1. Compute the Rg to Rh ratio over the range 665-749 from the alpha carbon atoms, using the Kirkwood formula for Rh, and round to two decimal places.
2. Quick query: amide H of residue 529 versus all other amide H atoms, modeled in the peptide plane; which residues come in under 5 Å with a sequence gap of 5 or more or a different chain?
3. Kindly rank 232-242, 322-332, 520-530 from highest to lowest mean number of other beta carbons found within 10 Å of each residue.
4. Given a 1.4 Å probe and every protein chain left where it sits, what share in percent of the accessible area of the range 347-466 is carbon and sulfur?
5. Under 5 Å between amide hydrogens, which residues at least 5 positions from residue 446 or on another chain qualify, with H placed 1.01 Å from N in the peptide plane?
6. What list of ³J(HN,Hα) couplings, whole Hz, do you get for the range 383-395 from phi and the Karplus terms 6.51, -1.76, 1.60, once you set θ to phi - 60° and write x for glycine and proline?
7. For residue 527 and residue 368, what is the calculated FRET efficiency with R₀ set at 45 Å and r taken between the beta-carbons, to the nearest 0.05?
8. Of all the Cα-Cα pairs you can form in the range 360-408, what percent are over 13 Å apart?
Amino acid sequence: MRRVHGAVAACLLASVSWTALFAAGVPVPKWIVCALCPLGLAFSALATWLTGSAPEIAASARRFWRRLGIGSAWVTVGTAIMTPARMTPDAPWATRLLQIASPLLVVGIFCTLYALLRLPVHARSRAEWVRLGLDGLTVLVTTALFLWHLALHPVAAHNGDLQVVAGLSIVGTALLITLAAVLKVVMLGSGTVSRRSMALLATTLAVGGVSSAASPLIAQRPQWPGLQPVLNLVSALLVAHAARAQWRPAERERRVRPPRGYSKLPYFAVGATLVLLAWVAYTDHRDIAAVASGAIAVSAVVGVRQLLALRDNQRLLAEVRTHERRMRHQANHDALTGLVNRAHFTELLGTALDRATPTAVLLIDLDDFKLINDTLGHAVGDEVLTTVAERLRAAVRHDDMIARLGGDEFAAILHDVAGEAAIRVAERIREALSASVRAAGHELLVRASVGVATSEPGDEVDTLLRNADLAMYAAKERGKGGHFVYVPGMTTRIVAHAELGARLRDAIDAGQLYLQYQPIVRLDDGRTVGTEALVRWRHPELGTIPPGDFIPAAEQTGLVVPLGRFVMREACAQQARWRRELGAAAPSYVSVNVAGRQLTDPDFVGDVLAALADADLDPIHLTIEVTETAVVDEAAIAALQQLRDSSVRIALDDFGTAASSLGLLLTCPVTALKLDRSFVSEITTVARQEAVATAVIRMAQALDLDTVAEGIETEPQARMLRHLGYRYGQGYLYSKPLAPEDLAERSRTPAPAFAGLAVRH
């Protein structure tokens, strides 16, 4: 392709040299330029055909270039016949050659037109088609005006040969139609042909139009007979360059970009028309009527185009404003109930407190709503939430604000209300919710616990919300379906939990938390096969805080999610270190306890996989331990299924202590069961504990699940469990939770022998 492009350039350079020599009076043969022009056009046609044969180019683009190559071939033949006639216009055979060449040129132009019209373009809306059509019409009218004034009108005025005038008119019309086709593709953009190629083809057409318009002027200058072939070769070079641009990978990549508009073209057209009108008005008045009419037509089309654009802009602006209002509403309101969401509620509460007027906050939490979702489904639960939202709106004044903070938790801002007035609103809310709710054919009784807190001078948003939250939990402890008003110093345990939660938030960032690991052993020889990660808290002032104190505080305050994320990352990193340092002696897996609130966190699965990836730990070396009550909803089971699909193992902890155990074995992707310590503590003396343990191991064996017995403290317990078929266990008989280095040392040393743990045959 590069050689073909160079051949066209060489022909052009030779023609320019010939023209310059001829104008200088050097006797050069005319047959040279007569041969150079068709030769350059032939190379240009070859370039388009080669492009249409390239297999790496899209099929629609190949068809376009082949059709364009056919059109170029017709133009080449016509030009080869016409060039000698133009070079020797006085020859007796010149007119005959022109008559033969004109139809061939017209055929070539219409082949090019067909190629352009058949080329698929990017989809556009109806309004865009109208605008682009008006833009194209503006350019076409301007081009027709120039073609008339510079070519057709002078020929018609000075040449009485109707055949010549008709031929030029046909050629001019064909040029205009081809220009329309080029404008279509250039303005709309093709998905397969290079945009640069289309721009070069449009420039080619412009050069062709200038060449046609200048033909009468060139014919009157006998010293420049080679100027017309030079213009033809310029067009040929542009076509060859367009074909070459299609081959460039960078250009093919740019084809996927959205096409750029050509909205400036109409304004250039108007400017050119006005320049032509001024030229005719001040120099030659003979054609002023036609030029003025053309200028008026162009201005009218541009005016209509601008009116349509203004209307479209106004409609677009209205759509943008509507969209902005919708987005603001969605950002500030709950999608299900239409109430304001937590973020907007916080903003409104801050505004109310800034006014320094008495303000009360009611925190409303539906009691046992989770049971509705679990037993009747989330669709029924959504209907209940919608009905509750409507009743809450009706229970407060018009100026007060009801919000849904998330899940089954609502809140209310009461303006200019304090003391007894706030209590009366809480009672109205309880009364509004006392009537049964009908949802999907079910009559449901919905109760709510309401916490009431009134503002004091200087209170901040967080303070008031915390007070209402403490009051709500106090209401739940006093009995569901009630309300409670916050008073300073109330419910010491709840306040302590809240304060502990605040300290816990800082402890996670300050590195006060650490992990210990309790070995999970093989019962027949006491060898460590796995570990259970247990989080501990060493406070610099309070000392070691028991997990039984800070774990409930974490669940109550929502900090269980970042806490669990910390434990997961630390446990995975430690397991990876053990496997690198201990090799075959390392525990096979580490178990990490996961709370129900973590399972419903949308980032939970990603956090687990990220912890594994950062530690470079194979997922088979991680076990997620969940309690039966933590996996009662579909979101939690879906999260566990995703982890199981990634080879993470799932253990059901405290098995047998909840009513959902058997159902979970069918829905949850469990790989192991952990027999709760309550069935182990008296297994050697209480027949019912032994019966439950036996039933669990038989069920696990039937379902091909591993089993781990928890809380083993005596050798008889271990011996009984081994006899029942349990292979793994953990408890103080084997080891208390250990620091990582102590666990590593234990793994290196041989397992201690326990009496009665010999393998039974």
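The values are calculated or read from the model by the stated rules, or taken from the named source; none is laboratory data. Nothing here was measured: the structure is a model prediction, and the numbers come from that model. No Cβ is skipped: glycine too gets one built from the backbone with ideal geometry, and neighbour counts run over all protein chains shown. Only protein heavy atoms, including side chains, enter the accessible area calculation; ligands, DNA and RNA are left aside. Shrake-Rupley method; radii C 1.70, N 1.55, O 1.52, S 1.80 Å.
1. A ratio of 1.02.
2. For residue 529, whose amide H was placed from the backbone, the distant partners under 5 Å are 520, 521, 522.
3. On the way: 232-242: 25.5, 322-332: 11.0, 520-530: 19.9.
Listed from highest to lowest mean packing, they are 232-242, 520-530, 322-332.
4. Values: 2800 of 5680 Å².
Within the range 347-466, the accessible surface is 49 percent carbon and sulfur.
5. Answer set, sorted by chain and number: 437.
6. 5, 5, 4, 5, 5, 4, 4, 5, 5, 5, 4, 6, 7
7. Computed FRET efficiency for residue 527 and residue 368: 0.45.
8. Value for the range 360-408 (Cα pairs over 13 Å): 60 percent.
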